[in-house]
Amino acid sequence: MMWDMRCKKTLVGVAAGALLACASAEAAGSMAISAVRGGSTAINLGELDSVRRTTYEEVTIQLSTSPAAQFQLFSLVSAPLINERGITLDPALLTIEISGGNSGTVRVRTITPLPSGTAELFTSSATGEAETLRILFGCSPQTLPAAGSYVGAMTFSLVSVEGSSPIVIQTIPIRVTVYPVMSLALDTDSATRLRFRGDEQGTLIVSQPVRLLISSNAPGPIELVHIIEGSLLNEEGRSLPLSVLTLRIAEEGTPPKEIPVSTRMTLLTSESALAVRRVELAYRAVVPVEQRGGVYRGVVNLQLAAAAGGVAAERTSVQLPVELDVPSMLRLTILSAESDRLELAFSKLLPGETSLPKTFSFTVQANTGQPYGVFQELAYLLVSDEGRQLPQEAFTCAGTAEAGSGTLRITQETSVLVGKSLVYQSDPSGAPAAFSVTCRVHVPKDASGGLYRASLRYTITPL
């Protein structure tokens, strides 16, 4: 819509509601303004909040001249809308639409942004017929401006087309109230639940980050608070300590930071009203090997609220279900103290000699909550290629407990028996354990020469 700015006559603002009839040899005029809603002489646009994002006020303006002569109506935002903290409302947020005035020419028949300068609204017929206009003022911002009660002024001038100055000038207040509103929402590409997945090494991640959209028009500081509702519990009611969780926060314009997760913590604080802001949250869990297996569930509650010193506003929150799958594990790891290879290879020995000890470290990773046993199985006695065997007492082992509350069965040097025997028995809860086993070969004095071999196997089994 193009506004006709041809009128060069000066508009003079006077007190709200004032009505001035200028002495004129040419004509006198009348301008009566009243709101359709309530009848007041003011443009009360009402209130904007999280639900009401559009507000309107309709006023009627009755215009006439005496004697009848062609006239024009002009408008001017004579005082910008300013709230109690001195913030000015963007005039581009206001709109105007005019109906009526069928005897003349209305310049604004459709919803149009309200101009801040002098603008022609209506030109009467050539004979100056009296007319009534209905003017609809609106405010419908896409994003709520800063909260507050905004007050400004609108000046209307009735001008004779043939005259040199306005016949009537009237200034009325224009008001709109914007309530403090906070918004916290998930972006379209955000995870909607925290599903931790990983491997048996203990590191679990949420593959898709949580992406938040934050906005607020509330004055004063606001904060984003992260709350774990209750505990993270598995099917047996066992809890997962929050100390295993870390959170990486990345937001626009600041370097990312990683923090440990606690029951309640403030993720960020903003000192003033802000437009849409994007925040990304990436979760990771490092679960100790002894943590009981199972699927741990809970809820993360993200809340946007006024911080200390801020203005209370409608609190907004996002809830994220948590699902953290800790794989059940029963694993035996054996390492040689002397070599990268897991083999019992003794150097050449003479009859009557004892080999140097060969030591192996045993580590049990377990989180099933069930007792287990580590078994040693000797398939056959040490035998040469020619089929000659060394006696049972020639091959011995002794163990040393290092961690765990179970029972090590071979604390003294003991001959390894053919068959399967229990070496370590866990406690009833199946706790992890660590121990070492040292093996030796004692060659009898009457042993025949040759290369002797045997097969020694270790297994771990639930009991």
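Overview of values
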item	result
First in the range 370-385 and touching a residue at least 24 places away in the same chain (Cβ under 8 Å) and among the charged types (D, E, K, R), second anywhere and assigned to a strand (DSSP E or B) and surrounded by fewer than 17 Cβ atoms within 10 Å (Cβ to Cβ), Cβ under 6 Å, 6 or more apart	E377/K420; E377/R457
Listing of strands (runs of 3 or more DSSP E) fully contained in the range 191-230 that carry 3 or more residues being over 30 Å from L330 (Cβ atoms) and of a type in the set (A, V, I, L, M, F, W, C)	210-216
Residue match in the range 431-443 (condition: free of Cβ contacts under 8 Å to residues at least 60 places away in the same chain, within 30 Å of G352 (Cβ to Cβ), assigned to a strand (DSSP E or B) and in the same structural domain as G373 (by TED's automatic domain parsing))	no
Criterion: in contact with a helix residue (DSSP H, G or I) (Cβ under 8 Å, 6 or more places away or on another chain) and either modelled with pLDDT under 95 or of a type in the set (S, T, N, Q) (or both) - qualifying residue of P91, P141	P141
Complete set of residues in the range 88-126 that are within 16 Å of F137 (Cβ to Cβ), hydrophobic (A, V, I, L, M, F, W, C) and in a loop (DSSP other than H, G, I, E, B)	L89, V108, I111, L114
Number of positions in the range 37-73 that are β-branched (V, I, T), assigned to a loop (DSSP other than H, G, I, E, B) and either at pLDDT 95 or above or within 30 Å of G163 (Cβ to Cβ) (or both)	1
Residues being surrounded by fewer than 13 Cβ atoms within 10 Å (Cβ to Cβ), touching a residue at least 12 places away in the same chain (Cβ under 8 Å) and of a type outside the set (D, E) - total across the range 335-344	2
The range 327-365 - residue that is hydroxyl-bearing (S, T, Y) and farther than 21 Å from E393 by Cβ and, of those, modelled with the lowest pLDDT	S339
Per-region count, the range 120-147, residues small (G, A, S) and surrounded by fewer than 21 Cβ atoms within 10 Å (Cβ to Cβ)	6
Residue that is farthest from P180 (Cα to Cα), among those in the range 260-275 that are exposed (fewer than 13 other Cβ atoms within 10 Å of the Cβ) and not polar (S, T, N, Q)	P260
T411 being in a strand (DSSP E or B), closer than 24 Å to T363 by Cα and polar (S, T, N, Q)	no
Residue satisfying all of: in the range 173-190; in a loop (DSSP other than H, G, I, E, B) and hydroxyl-bearing (S, T, Y); nearest to T143 (Cα to Cα) among these	Y179
Subset of the range 92-110 (residues that are crowded, with 18+ Cβ neighbours inside 10 Å and among the hydroxyl-bearing types (S, T, Y))	T95
Residue within the range 370-388 that is under 30 Å from V206 (Cα atoms), surrounded by fewer than 18 Cβ atoms within 10 Å (Cβ to Cβ) and modelled with pLDDT of 90 or more present	yes
Hits in the range 389-414 - residues which are surrounded by 12 or more Cβ atoms within 10 Å (Cβ to Cβ) and charged (D, E, K, R)	E402, R409, E413
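The values are calculated or read from the model by the stated rules, or taken from the named source; none is laboratory data. Just so you know, these numbers come straight off a predicted model, no measurement behind them. Counting neighbours? That spans all protein chains shown, and the Cβs are built from the backbone with ideal geometry, glycine included.
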